[in-house]
1. Here's a check for you: in region 128-184, which residue that is of a type outside the set (D, E, K, R) and at positive phi is nearest to the chain's Cα centre (by Cα)?
2. Give Ala436, Ala440 a once-over and let me know the one that is surrounded by fewer than 19 Cβ atoms within 10 Å (Cβ to Cβ), in contact with a Cys (Cβ under 9 Å, 6 or more places away or on another chain), over 30 Å from Leu325 (Cα atoms) and not hydroxyl-bearing (Ser, Thr, Tyr).
3. Need the failing condition index for Glu301 against (1) at pLDDT 95 or above; (2) surrounded by fewer than 20 Cβ atoms within 10 Å (Cβ to Cβ), just the number.
4. How do the helices (runs of 4 or more DSSP H) wholly within region 54-155 filter down when requiring 3 or more residues that are basic (Lys, Arg) and in the same structural domain as Phe223 (by TED's automatic domain parsing): which remain?
5. Just for region 31-59: of the residues that are closer than 25 Å to Thr152 by Cα and of a type in the set (S, T, N, Q), which one is surrounded by the most Cβ atoms within 10 Å (Cβ to Cβ)?
6. Residue check, Pro164 against (1) of a type outside the set (Val, Ile, Thr); (2) in a loop (DSSP other than H, G, I, E, B); (3) modelled with pLDDT of 95 or more; (4) surrounded by fewer than 22 Cβ atoms within 10 Å (Cβ to Cβ), all met but one. Which one?
7. Go through region 414-425 and give me each residue that's more than 18 Å from Thr102 (Cβ to Cβ) and either at pLDDT 75 or above or not in a strand (DSSP E or B) (or both).
8. Being farther than 17 Å from Phe304 by Cα and not aromatic (Phe, Trp, Tyr) narrows it down to one residue among Gly269, Gly202; which is it?
Amino acid sequence: MTGVAAVLSAGECPGDAALPLAQVLLDRYADSRDRPFIAFEGGEAYTYGETVGRAASISAALADAGLSPGDRVLVALDNGPAFIDAWFGCALGGFVMVPLNTLLSGRLLEDVVRRSAPRAVVAQEPYASGLDALTSSCALRLIVDAARSGWTAHAGVVRNDAVPRDAGVKGGDPMSIMFTSGTTGPAKGAILSQAHCVARSGSYREGLRIDDSDVMFTCLPLFHNNAQMASVLVAVLARARAAVYDKFSVSRFWSNVREAKATRFTLIGRMANLLLASPVHAEERAHAVRSACIVPHPNGEDAFERRFGIRVISQYYGCTEMIPLAPRIDQERRIGSCGKPTRGFECMVVDADGQPVPDGEMGELVARPVRPEGVMSGYLDMPVETLHAFRGLWYHTGDAARRDADGFFYLVGRLKDFIRRKGENISAAEVEAALAGHPAVFECAAVGEPDAWGEEDVVLWVEARPGVHPDVAELQRICAERLPAFMVPARIRLIDALPRNALGRIEKFKLRASAA
């Protein structure tokens, strides 16, 4: 099947998809105020009413400081109640949350802060220390569990019993700016609307059949879409409960799951593979988990299910900008497939000219929603990049894929030049920039090489200047000083000459192949 017939329409979105998150929170305050909602590692827990009340107090503090709807709030927080306070507080007041990847440092951190131009910031130590000078002009700076000159104590502002107000927030109003790693240049800030967040989470709730008896467990960082919209907000939509833990731990994972009484969780493939590689424990099947979303699929198609007694859903595909192939618990399994389009999306595979390719042939995966809230609103201050991403009225994912005759899509590789490591998308250009200007380095190329856990190691190939012999240990130290820990190359390799094509461009595929 080719041409227009290769386009898969998924019908209409759920009826409440265009609702703003602010309205959903007001509804839960009205209909589920006394219902338990969220618990954190260590035992701290709140009802829906308390959660929305705390958020309302933060929203009021932002407004009192002079912020108007649409103003941006930088959030530099670990997993915990304060993150939910800030996130939902922004939603209620129509402010725009900019969640900061807390691993960022140096020029990458400065770039995100400068481009997001926040009017307020909520942070913990040591993040507040690193942000002090960068946010000195903010109207309000809240610091969590610490005291700092020029900052207001979060504990002195937040209240469980504050009463939320309807600020007239609309579905199309921006909710957050999620900075996604740049592939060949600066990171892009994807603007996600209030209704997009609701629609995105709604596709998880619908596809996985989440109901009010579920407990959504996450140990992934709240500054990412996954923990926010595939776990916490899904629970809100279903009037269910959420359990948020500090971080992933192989040794404590199953005890955390049991303690939380979790029924669902999401993990990245590397984490699942680490669990599979751990020693068998007598209580690793003593849980109430109904299903787990894991991408990419753990090593061994059914090994995770057989060992831990959990239904694994790995047939889905999403990115910061949209999730056109959401997980569905009732979907037929096809090994290696990322499934069929979510209800409300169209997807196809196209060639370099944007024309559909025949089934079975490789091309670029493109997608578009039936309704506008299905996709991001655009990239922050990047109109050219936004138009390029949506050329031909389709969002171009940059990922290579193929489609079979039954309408299942399969990822083949990546057209974009980024590396996947420990759940992070790493820009090769940003890794390479760490050694820019070094007197011993003529040029370098960062590539991903498969690791034992289903992800990639960052490997930096360095071509030295003529007659110079770089000290690899020194180059490694410089990278460690200039890059976040997850970006630091696992290995630096010297090469006489980087492979290039006739135009002088580096042929990275040859570097990757050399590791095979």
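The values are calculated or read from the model by the stated rules, or taken from the named source; none is laboratory data. Treat the numbers as computed from the prediction; the structure is a model and nothing was measured. Quick reminder, even Gly has a Cβ in these numbers, built from the backbone with ideal geometry, and neighbours come from all protein chains shown.
1. Of everything passing the filter in region 128-184, Gly168 is nearest to the chain's Cα centre (by Cα).
2. When all the criteria are applied, what remains is Ala436.
3. (1) is the only condition that Glu301 fails.
4. 106-116
5. Result: Ser59.
6. (4)
7. The answer is Leu415, Lys416, Asp417, Ile419, Arg420.
8. Gly202
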